[in-house]
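Trainee: Take a look at this one; I'll ask things after.
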Amino acid sequence: MRSHPTLQHSFLTAFLLLVASALLLVNPSLAQDPDCATPGKSPETNGASWAPGANVTVIINPDDFPTAAEQQAIQQAFTTWQSAHTNSGVTFTFTTGLDPGYANNSYYIHRGSTNTGGSTGTSWTGGPNTEGNVTTYAHTVLDTVITRTATLTNMMLHEIGHTFGLDDCVDCPQGSTIMSAYVSDCYCPTFPCDQEVPWNGIRWGCPPLQAPRECDESAVREYAHYANCDSTTEGDCRASNGNWDPNTCTCGHATGCDPSDQSRASDCETAGGIWDSSSCYCAYDHN
């Protein structure tokens, strides 16, 4: 009996998809993210972002997120943004409670019914045509049907981007930016979900992005006018338990320098910095 070529092709396609899925499950690193895409500036706020060095208090509604796992999943997204190379110097502290009512440098998280799984509103200084607008307050509502903690993290990684001035990039390929349109088709082999509750599978990319991409970070630096510091230098500062100042691109240590640590002074000078041994600062002029 002659085989049908179309049927053969269908079997081959299904087999190759099965093999690809199996490989991704065994080694997710085989998946390649698409080229990085730069999201646009939020038109409503004209790119309003948290003030440089702001300490933002994140208030999580304990009735909506009663378990430690849920609260930690939300916090994870914030700590990821805090560690991103945006040069913002923004830090987040966490507590539980009710909406603080537009208190300065506060961010409220609660649950509710949505059309997209989640949404974020902000208050900011300035207007739609002014530069240097500053986010002063934000609130995010996450849909009540989302129970998967990994999805809570995914959602917050995207929503926090709006508070740093980033707009949705609905035409950007999946995985090219944390601001692209989400997918909840339950077809990602490394992030399976229940078709009966597809929003538990909301993700950006496959495997899902675990942090903003470099294009997201550079867009935040540009739109918010954060200092153009060297991200490697910032990372070295934090790794040495230094206090990074994104406004001046300097690293300070409250206790001063360790006299035995001469290598940091040498590294500073080699990199073109100005070393202050009294305060253990290395100043860079990247502007």
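Trainee: Could you check, for the stretch 181-188, whether at least one of its residues is surrounded by fewer than 22 Cβ atoms within 10 Å (Cβ to Cβ), among the β-branched types (Val, Ile, Thr) and closer than 28 Å to Asn55 by Cβ?
Mentor: no
Trainee: Which residue is least open to solvent (accessible area, probe 1.4 Å), if the candidates are limited to the stretch 225-266 and must be in a helix (DSSP H, G or I), at pLDDT 75 or above and of a type outside the set (A, V, I, L, M)?
Mentor: In this case the residue turns out to be Cys237.
Trainee: Which one of these does Glu222 not meet: (1) crowded, with 18+ Cβ neighbours inside 10 Å; (2) within 17 Å of Trp81 (Cβ to Cβ)?
Mentor: Every listed condition holds for Glu222 apart from (1).
Trainee: Kindly establish whether His110 is open to solvent by 10 Å² or more (accessible area, probe 1.4 Å), in a helix (DSSP H, G or I) and either among the acidic types (Asp, Glu) or at negative phi (or both).
Mentor: no
Trainee: Six or more apart or on different chains, Cβ under 8 Å: which pairs go from a residue in the stretch 194-210 that's closer than 18 Å to Asn115 by Cβ to one that's in a loop (DSSP other than H, G, I, E, B) and charged (D, E, K, R)? Could you list them?
Mentor: Pro198/Asp185; Asn200/Arg148; Asn200/Asp194; Gly201/Arg148; Gly201/Asp185; Gly201/Asp194
Trainee: Then there's this: So, of the residues in the stretch 115-127 that are part of a loop (DSSP other than H, G, I, E, B) and surrounded by fewer than 16 Cβ atoms within 10 Å (Cβ to Cβ), which turns out to be modelled with the lowest pLDDT?
Mentor: Result: Gly127.
Trainee: Among Asp276, Asp194, which is the only one that is open to solvent by 60 Å² or more (accessible area, probe 1.4 Å), modelled with pLDDT under 75 and among the charged types (D, E, K, R)?
Mentor: It is Asp276.
Trainee: Please go through the stretch 181-224 and give me each residue that is charged (D, E, K, R) and part of a loop (DSSP other than H, G, I, E, B), ordered by number.
Mentor: Selection gives Asp185, Asp194, Glu196, Arg213.
Trainee: For residues that are more than 17 Å from the chain's Cα centre (by Cα) and on the phi > 0 side of the Ramachandran plot, tally how many sit in the stretch 157-193.
Mentor: So the answer is 1.
Trainee: I'm trying to understand the selection: among the residues of the stretch 50-107, which are of a type in the set (Ser, Thr, Tyr) and in a loop (DSSP other than H, G, I, E, B)?
Mentor: Matches in the stretch 50-107: Thr67, Thr86, Ser88, Tyr102.
Trainee: Given the structure, is Thr130 under 25 Å from Tyr223 (Cβ atoms), in a loop (DSSP other than H, G, I, E, B) and open to solvent by 20 Å² or more (accessible area, probe 1.4 Å)?
Mentor: Answer is yes for this residue.
The values are calculated or read from the model by the stated rules, or taken from the named source; none is laboratory data. All values reported here derive from a predicted model rather than from experimental measurement. In this analysis, Cβ positions are derived from the backbone assuming ideal geometry, glycine residues included, and neighbour counts consider all displayed protein chains. For accessibility, only protein heavy atoms count, side chains too; no ligands or nucleic acids. Shrake-Rupley method; radii C 1.70, N 1.55, O 1.52, S 1.80 Å.
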